[in-house]
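Notes follow once the structure below has been shown.
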Amino acid sequence: MRVFIGVTGASGQIYARRLIEVLHEEGVDVEISVTRSAEYVMEQEGVDLPENVRRYDPKDLTAPPASGTYRIDAYIVCPCTLHTLSSVAVGVAGDLIKRAAVVALKEGRPLVFVVRETPWPRSALQAALKLREEGAVILPACPAFYHGPTTIEDLVDYVVQKVLDTIGVEVDLVRYQPRGMNFR
Ligand SMILES: Cc1cc2nc3c(=O)[nH]c(=O)nc-3n(C[C@H](O)[C@H](O)[C@H](O)COP(=O)(O)O)c2cc1C
């Protein structure tokens with residue numbers, strides 16, 4: 001399985017790091033591209049990304065993920081800015097991440113936007129609805145608290161688990177056994 005991850009300049013770069021780590025551990029072929037804004041936010045948040053993955057310059061629109069003939073099984077934008085979400089919604093593909101997302105839509109391949117912003121302006125809500133109607137999954141970076149998290153990593157793992165559930169990668173990052181239920 002090959003997964004393309006676009007990392008954009010929203011808060012929550014730690015989600016990208018953990019997502020890449022887990023996919024790599026699961027033997028998934030991970031390819032990434034990181035915007036300039038994401039690099040800046042990463043510095044602010046003290047996060048480094050793993051180096052053992054293929055990384056493309058986001059300005060390189062000749063890179064393989066820019067083409068639908070290059071086989072990619074799932075595309076994830078994590079974390080995703082409203083800028084990138086809104087651009088893709090109107091088909092503006094000025095960098096490799098947006099172009100790859102447009103390719104995913106045109107080819108009908110799994111596409112997940114792990115959006116991080118609050119509150120949301122009307123334009124972003126409309127963009128998200130449009131992308132959902134085209135088949136993309138809008139997955140806000142929105143951790144839950146019912147599984148008893150005690151660390152930031154527990155909260156991050158909750159979101160990463162949700163992303164991986166969406167693309168069909170089976171992992172067991174979140175252990176939750178509510179009384180009377182047995183679903184994981
Ligand atoms: C420290 C910092 C945090 C930011 N956090 C967010 C955020 O959580 N969500 C968002 O949509 N934009 C956020 N932004 C703004 C984006 O980085 C900005 O819109 C940028 O143009 C996005 O470009 P990109 O989508 O190409 O990465 C943040 C900017 C900075 C400097």
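First compute the accessible area of the stretch 2-167 with a 1.4 Å probe, then give the percent of it belonging to carbon and sulfur atoms.
51 percent
Which net charge results for the neighbourhood of Val169, defined as the other residues with beta-carbon distances under 10 angstrom from its beta-carbon, given Lys and Arg at +1 and Asp and Glu at -1? Intermediate values should be presented prior to the final figure.
Values: positive: none; negative: Glu26, Asp73, Asp165, Glu170.
It works out to a net charge of -4.
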Review point. What residues have an amide H closer than 5 Å to that of Ile32, excluding those fewer than 5 places away on the same chain, when H is modeled at 1.01 Å from N in the peptide plane?
Key: Ile5, Arg54, Arg55, Tyr56
Exercise for review: Rounded to whole Hz and in sequence order, give me ³J(HN,Hα) for the stretch 106-117 from the Karplus expression 6.51 cos²θ - 1.76 cosθ + 1.60, θ = phi - 60°, writing x for Gly and Pro.
Suggested key: 5, 8, x, 9, x, 9, 10, 10, 8, 7, 9, 6
Revision key, fill the gap. Amide H proximity to Val112 below 5 Å, modelled H, separation 5+ or other chain, gives Tyr75, Ile76, Val77, Val137
**Study point:** Solution diffusion estimate, µm²/s, Stokes-Einstein, the stretch 1-66, Kirkwood Rh from C-alpha pairs, 20 °C, viscosity 1.002 mPa s
**Key:** 177 µm²/s
Study note, to complete from the structure: If exposed means chymotrypsin sites (Phe, Trp or Tyr not before Pro) lying in a DSSP loop and surrounded by at most 16 other beta carbons within 10 Å, then the longest stretch of the chain lacking such sites spans residues 71-144
Point to revise | Normalised contact order of the chain, rounded percent, pairs of Cα under 8 Å and 6 or more residues apart | key: 21 percent
Review point. Of Leu164, Gly12, Gly135, whose Cα points farthest to the positive end of the dipole of the chain (charges on the beta-carbon: +1 Lys, Arg; -1 Asp, Glu; origin at the Cα centre)?
Key: Gly135
Review point. The chain: longest stretch without exposed GluC sites (Glu not before Pro) (DSSP loop, at most 10 other Cβ within 10 Å), sites themselves excluded?
Key: 52-169
Check your understanding: Averaged per residue, what accessible surface does the chain expose to a 1.4 Å probe, in Å²?
Key -> 51 Å²
Check your understanding: When the Kirkwood hydrodynamic radius is evaluated over all pairs of different C-alpha atoms of the chain, what value in angstrom, to one decimal, is obtained?
Key -> 16.6 Å
**Study point:** Whole-Hz ³J(HN,Hα) from phi, Karplus 6.51 cos²θ - 1.76 cosθ + 1.60, for the stretch 37-53, glycine and proline x
**Key:** 5, 5, 4, 5, 5, 4, 4, 4, 9, x, 10, 10, 8, x, 9, 8, 10
Exercise for review: Taking the Cα centre of the chain as origin, sum charge times position over the Cβ atoms of Lys and Arg (+1) and Asp and Glu (-1), and report the length of that vector in debye to the nearest 20.
Suggested key: 640 debye
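The values are calculated or read from the model by the stated rules, or taken from the named source; none is laboratory data. Just so it is clear, the model here is predicted, and its values are computed rather than measured. Cβ: placed from backbone, ideal geometry, glycine included. Neighbour counts: every protein chain shown. Side chains included, ligands, DNA and RNA excluded: accessible areas come from the protein's heavy atoms. Shrake-Rupley method; radii C 1.70, N 1.55, O 1.52, S 1.80 Å.
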